[in-house]
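Worksheet: one structure, shown below.
Coordinate-derived values only; no laboratory data. All figures in this text were calculated on a predicted structure; none of them were measured in a lab.
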Amino acid sequence: MSIAKNTICLWFDKDAEAAANFYASVFPDSRVEAVHRAPADYPSGKKGDVLTVQFTVAGIPCIGLNGGPVFRQDEAFSFQIATEDQEETDRYWTAIVGNGGQESECGWCKDRWGVSWQITPRTLTEAMAAGGAEAARAFAAMMTMQKIDVATIDAARRG
């Protein structure tokens, strides 16, 4: 097993393995590669407890660290998942929010472990990249949403 040069490390209280398995079940190109147990007792766990989990989320290598309750997830970090259409947007949103997560604004939501996700249809990203009036209309439409409505964004892009 090779270790990537750059890996995202997510701090969990004790649920890194559950989170990694959930992500692997929801997103394509995602999997759990390895589960490593603590070789000795540590401040928030015992010898033999799951300490780290190596996993991939949508092609991005990650490590989940069961470091205890000291640090919590917040919106300063998020995964941004590009979606192709409303069906894919709905599927990911429902998986995250419907399994103990919570909705937020403008395509953001949190999973049950507090990790933030941006479920972002490509049409919204393309509208913002286009700039000008098209971006302004799409942005104004987005500001009224929680989960992004693709048809509304497409209509705003057209004016």
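Coordinate range of the alpha-carbon atoms in the range 73-159 per principal axis, descending: 38, 26, 19 Å.
Measuring between their Cα centroids, the range 1-75 and the range 84-98 lie 23 Å from each other.
A Cα-only calculation for the range 1-96 places Rg and Dmax at 14.4, 47 Å.
Straight-line cross-link reach from Lys47 at under 23 Å between alpha-carbon atoms covers these lysines, not counting any fewer than eight positions away in the same chain: Lys14.
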